1. Of the DSSP beta bridges with both residues in the chain, give the percent that are antiparallel, rounding to the nearest 5.
2. Where does the stretch 26-163 land on Rg(C-alpha)/(2.2 N^0.38 Å)?
3. Through the Karplus equation 6.51 cos²θ - 1.76 cosθ + 1.60, θ set to phi - 60°, convert the phi angles of the stretch 447-460 into ³J(HN,Hα) values in whole Hz; use x for Gly and Pro.
4. Under a plain spin-label model, where a point goes 7 Å from the Cα along Cα-to-Cβ, how far apart in nm are residue 119 and residue 305?
5. With label points built 7 Å along Cα→Cβ from the Cα atoms of residue 41 and residue 132, find their separation and express it in nm.
6. In degrees between 0 and 90, to the nearest 10, how far off the longest principal axis of the chain does helix 268-280 point, with axes built from Cα atoms?
7. Which ³J(HN,Hα) values, rounded to whole Hz and listed in residue order, are derived for the stretch 48-57 from phi using the Karplus coefficients 6.51, -1.76 and 1.60 in 6.51 cos²θ - 1.76 cosθ + 1.60 with θ = phi - 60°, glycine and proline given as x?
8. So which of 94/277; 94/308; 277/419; 46/181; 78/213; 60/471 end up more than 19 Å apart, counting from Cα to Cα?
Amino acid sequence: DADVFKYYSENEWKVSSSGKSVSIINPTTRKTQYKVQACTQEEVNKVMESAKSAQKIWAKTPLWKRAELLHKAAAILKEHKAPIAECLVKEVAKPAKDAVTEVVRSGDLVSYCAEEGVRILGEGKFLVSDSFPGNDRTKYCLASKIPLGVILAIPPFNYPVNLAVSKIAPALIAGNSLVLKPPTQGAVAALHMVHCFHLAGFPKGLISCVTGKGSEIGDFLTMHPGVNCISFTGGDTGIAISKKAGMIPLQMELGGKDACIVLEDADLDLVAGNIIKGGFSYSGQRCTAVKVVLIMESVADTLVEKVKAKVAKLTVGPPEDNCDITPVVSESSANFIEGLVMDAKQKGATFCQEYRREGNLIWPLLLDNVRPDMRIAWEEPFGPVLPVIRINSVEEGIHHCNASNFGLQGSIFTRDINKAMLISDAMETGTVQINSAPARGPDHFPFQGLRDSGIGSQGITNSINMMTKIKSTVINLP
Ligand code: G3H
């Protein structure tokens, strides 16, 4: 079938021997938009083999040359922002403007990573032995960072390009090879991005991209003996992967239920703006979206009114028209969101807008007076539905935040920096934002989650370090 996008192995675009394909459904039209190859386990084996041998040579390629190639890939990626963004619009219904931003941000990330890599990998450590009791100065230790080998990167549908390059670039600069398994929704955008790396001229077999059904090749990839590290972003699948993976380093960024705690002295206009941006951008399909608002009762009425006024101004429709709210990624996702909404309705939440859905398109919805017995108080809708819980003390807010099985980010709005610092210390999340909505970027900031939100820390510097190992050589003097 000539319409099926090829997968990438040994620097060639190939048709799978399976003869099968996987369809990508456009979330807006709910019709098949693209098809990708359904790769076989033998094809995965082949990719692993070439990744292993390519890595050996790549690790010996001078660091500055690796950086040069990454800078080249970054420039090509930015040049091709339009066609890649178009795929994002069609595959994951990302608003057109945001889709372009994702690609540009990705190019910047790759360049920054190349620069950061030459700095942090360009230096090692020198230690002498006589600082430890009982030793003379007869041992010199030289420690430097070496690559891990083959990195398996599995990004999610919501940033198929950006969360792929945030794994690819650190892996490559550190001297690893890379096998990419893109999400099905977003696979074609990812293949286009890989093509930019292809054009930059990386050595044969260093980067591969296999597409296919998770049920056929998912476990096979994550449990493959040729994989030396897995970097995964997504949902519950990550928990399953971490149980099945072998004795290799794992970098996991899973869900979040980021709370926004609003104190009585907060600038309520600032809060309302951040709730809109944090809760509804890309229709709430971000792990760092504001997913529950915890407001002090005394300011709740005023804030809810301000947010309601802003929700009324959000545009709803197709991503091609740059609407604020676009269809969620799949019908099953829309059904799940609807289930949370119906549960809240049955249990007496206040609907600030009428619930409305057409296909995968769900109108933005603010639910006031949500109580802890409602599913929406704890579960992640990954859609444009935001619960408000009214609290009578800051402690109540902190308690709700810490009782969550997630611990990605959180935010506090107050004019009192001392209070903000104390609350930040008490919140058990990977990051706390003071007076702003949660966000991963700038992309060199550390990014991590506690509990079910993840393993390890990301951000450019942390990812480079995570994808390396320390190697020591000790010189023993006579
Ligand atoms: O969906 C998870 C992403 O890591 C969030 O990134 O804060 O830039 O939207 P973002």
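1. So the antiparallel bridges in the chain amount to around 45 percent.
2. This ratio for the stretch 26-163 stands at 1.51.
3. So the J values, rounded to whole Hz, are 9, 7, x, 9, 6, 6, 7, x, 10, x, 10, 10, x, 3.
4. Going by the 7 Å Cα→Cβ label model, 4.9 nm.
5. Here the answer is 4.5 nm between the modelled labels.
6. It is inclined by approximately 60 degrees.
7. Karplus-based 3J(HN,Hα) across the stretch 48-57 equals 5, 4, 5, 5, 5, 6, 5, 4, 4, 6 Hz.
8. Numbers: 94/277 15 Å; 94/308 24 Å; 277/419 24 Å; 46/181 14 Å; 78/213 29 Å; 60/471 15 Å.
Result: 94/308; 277/419; 78/213 exceed 19 Å.
None of the figures in this text is laboratory data; all of them are computed from the coordinates on show. This one's a predicted model, so the numbers in the text were calculated from it and none came from an experiment. No Cβ is skipped: glycine too gets one built from the backbone with ideal geometry, and neighbour counts run over all protein chains shown.
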